[in-house]
Structure formats: C-alpha cells, structure tokens
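The values are calculated or read from the model by the stated rules, or taken from the named source; none is laboratory data. Not measured: the values here are computed from a predicted model. Heads up, the Cβs are rebuilt from the backbone with ideal geometry, glycines too, and the neighbour counts pull from every protein chain shown. Just the protein is used for accessible areas: all its heavy atoms, side chains included, with ligands, DNA and RNA removed. Shrake-Rupley method; radii C 1.70, N 1.55, O 1.52, S 1.80 Å.
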Amino acid sequence: QVQVVESGGGLVQPGGSLRLSCAASGSIFSIAVMGWYRQAPGKQRELVAEITSGGNTNYADSVKDRFAISRDNAKNTGYLQMNSPKPEDTAVYYCNLRHPHGYGNYWGQGTQVTVSP
C-alpha cells in the first residue's frame with residue numbers, strides 16, 4: 001500500500017520562500033508522475049506542477065518562474081520550492097502520485113500554506 005505524506009507548509013510572507021516535501025512509501029515513487037495540486041476555499045483543486053520519472057516538468061501559468069518542482073527517487077521524496085509567493089497562492093497543497101500506466105493514483109492528506117504579511 002502506498003502512503004503519501006506532505007510536510008513543510010505554514011505561514012510565509014509575500015516575497016519569501018517555502019519548500020514543501022512529499023514523502024512516499026512503496027515502490028511506485030520512482031516510476032510515478034508526481035504532482036502538486038492546491039485547493040483554496042471555495043475553489044476547485046488545481047494542478048500547480050508535475051514532474052515525470054525522467055524529470056520532465058509542467059507548471060501552471062500562475063506559478064511558472066516562481067515555483068520549482070523536483071524529486072529524489074533514491075529518497076522517495078519530492079519537493080515544491082515556492083519562491084516569491086503571493087497571497088493568492090494561499091491554499092491546501094496536496095501531493096499526488098500517479099502510475100504512468102494507470103495502476104494507481106495516490107493522494108496525501110494536504111498541507112496548509114498561508115501567504116500573508
């Protein structure tokens with residue numbers, strides 16, 4: 001069974017920085033597409049960034065050039081580096097692992113990020 005656990009959320013000032021981590025158990029991590037999603041109050045969950053096992057990345061336009069997604073397959077851990085966050089980045093951030101051939105889709109419990117002076 002795959003478990004996904006996010007950490008690193010909290011309060012950050014606009015223009016600051018924060019790094020989220022996503023730790024996973026099981027053998028799926030190294031082959032999975034890892035994604036960070038977020039959900040703000042009253043809004044739908046949306047994709048922030050994703051990275052394939054080979055390191056190809058994709059970002060939402062709203063975070064491009066500010067956020068960076070990365071992964072360490074040896075540690076079964078992924079990251080989301082949030083630079084110059086804005087108040088509109090405030091949301092619960094979720095890590096997702098998706099098997100590339102459809103054999104499983106796993107979510108963490110989420111971590112709150114609040115961007116405020």
If you build the Cα gyration tensor of the chain and take the root of 5 times each eigenvalue, what three semi-axes come out, in whole angstrom, biggest first?
23, 14, 13
Any aspartates and glutamates whose Cα falls less than 18 Å from that of residue 43, other than same-chain ones fewer than 8 residues away, would be 61, 88, 89
Computed magnitude of the charge dipole of region 44-117 (debye, nearest 20; Cβ of K, R +1, Cβ of D, E -1):
160 debye
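With a 1.4 Å probe and every protein chain kept in, tell me what percent of the accessible surface of region 1-76 is carbon plus sulfur.
It is 44 percent, rounded to a whole number.
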